[in-house]
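Below: the structure, in structure tokens.
The values are calculated or read from the model by the stated rules, or taken from the named source; none is laboratory data. Since the model is a prediction, treat every value here as computed from it, not as a measurement. Note: ideal-geometry Cβ built from the backbone for every residue, glycine included; neighbour counts use all protein chains shown. Protein only, heavy atoms only, side chains kept; ligands, DNA and RNA dropped before computing areas. Shrake-Rupley method; radii C 1.70, N 1.55, O 1.52, S 1.80 Å.
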Amino acid sequence: MAGSESPKRSGSGAYCIAFALSLAWLCIFGWVTLEKGGVHEILELDLNEFGDLAAGFAAPMALVWLIAGYFQQQVEIRQNTAALDQQDASLRLQVDELKCSVEAQLLQAATSREQLTVASASAEFHRKEMMRSKQPLISMATGGSGAHRQAGQIYIDVQVQNHGHALTQGKFTIHPEEGSQITFGNGQVSESIDRIGAEGTHRSRMVCQPGFVGEFAMSLHYTDGLGDRQCLLVTATKKDPQKIKFEVHPWSPLAD
């Protein structure tokens, strides 16, 4: 507050001094005029002399007020500079506040994205776990009666066990290697299964040529507990004439 009042006082002081000097000069000029004959003598001067007198009278006052105006201008410049400095400081403060606000919003946005990612991953995990809980858990093995030969072919009993959720509308399909002759007991490479309940068992029979050994693929398409069609892949290996070894691959979501 004191800094803003000081330039005003300086400007007022310059004008006061100029006014005092002007007043003093008027008094001096008036006294000299009276000593030299008064106003009557001035009026009798010719134009050239009157002009010199007027110039001599006005020059000191013009110089005084010129100096006073210079000081006043300096005061105004200082005031404008102080105002600009104050405005600059205010703008810098606003910029800093805006920068902090932007950084806070960016941090909040990053936190929100991270929370959304975590929530999405959690939801996806729970969704897959829920889907997994609605899937059967299949194991396959050669049945207790093993294999027997009939009409020149080998019949192998297969037992399918389900340790998970019930499946419906199932269909086993054999995908034999080229030249391999292996089917289900119905003489086809596919077999339908109406339902295998939880902890349920399905018995099937596979037929192959006596000398057949090797590996072949199978698939089980079915409807899960959610009503969606799914598929399990099975790798079957026959090295022993009496049995087949089955490997059921882990379930993964599949649209039929």
> Which residues, counting only those in region 236-256, are surrounded by fewer than 18 Cβ atoms within 10 Å (Cβ to Cβ), touching a residue at least 40 places away in the same chain (Cβ under 8 Å) and farther than 26 Å from Glu178 by Cα?
Replying inline: Pro253
> Quick check, is Leu91 within 29 Å of Cys16 (Cα to Cα), open to solvent by 70 Å² or more (accessible area, probe 1.4 Å), out of contact with any Asp or Glu (no Cβ under 8 Å at 6 or more places or on another chain) and at pLDDT 75 or above?
Replying inline: no
> Of all residues in region 162-191, which are in a strand (DSSP E or B), polar (S, T, N, Q) and more than 20 Å from Leu226 (Cα to Cα)?
Replying inline: Thr173, Thr183, Ser190
> Within the group His126, His175, His148, which residue is under 17 Å from Thr235 (Cα atoms), at pLDDT below 95 and either open to solvent by 40 Å² or more (accessible area, probe 1.4 Å) or among the charged types (D, E, K, R) (or both)?
Replying inline: His175
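Residues checked against (1) out of contact with any Pro (no Cβ under 6 Å at 6 or more places or on another chain); (2) not polar (S, T, N, Q):
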{"residue": "Thr142", "(1), (2)": "yes, no"}
{"residue": "Tyr155", "(1), (2)": "yes, yes"}
{"residue": "Asn162", "(1), (2)": "no, no"}
{"residue": "Gly225", "(1), (2)": "yes, yes"}
{"residue": "Leu233", "(1), (2)": "yes, yes"}
> Inside region 73-130, can you point out the residues that are closer than 30 Å to Gly164 by Cβ and either without any contact (Cβ under 8 Å) to a residue 60 or more places away in the chain or out of contact with any Pro (no Cβ under 9 Å at 6 or more places or on another chain) (or both)?
Replying inline: Val118, Ala119, Ser120, Ala121, Ser122, Ala123, Glu124, Phe125, His126, Arg127, Glu129, Met130
>> If I go through region 214-235 residue by residue, how many of them are surrounded by 16 or more Cβ atoms within 10 Å (Cβ to Cβ) and touching a residue at least 60 places away in the same chain (Cβ under 8 Å)?
In response: 7
> So, in region 80-134, of the ones that are among the basic types (Lys, Arg) and assigned to a helix (DSSP H, G or I), which residue ends up nearest to the chain's Cα centre (by Cα)?
Replying inline: Arg113
> Do any residues in region 146-160 that are over 16 Å from Val213 (Cα atoms) have Cβ atoms under 7 Å from those of residues that are among the hydrophobic types (A, V, I, L, M, F, W, C) and surrounded by fewer than 18 Cβ atoms within 10 Å (Cβ to Cβ), where the two are at least six apart or on different chains, and which pairs are they?
Replying inline: Gln159/Ala141
> Any idea which residue in region 135-145 is nearest to the chain's Cα centre (by Cα), counting only those that are open to solvent by 20 Å² or more (accessible area, probe 1.4 Å) and at pLDDT below 90?
Replying inline: Thr142
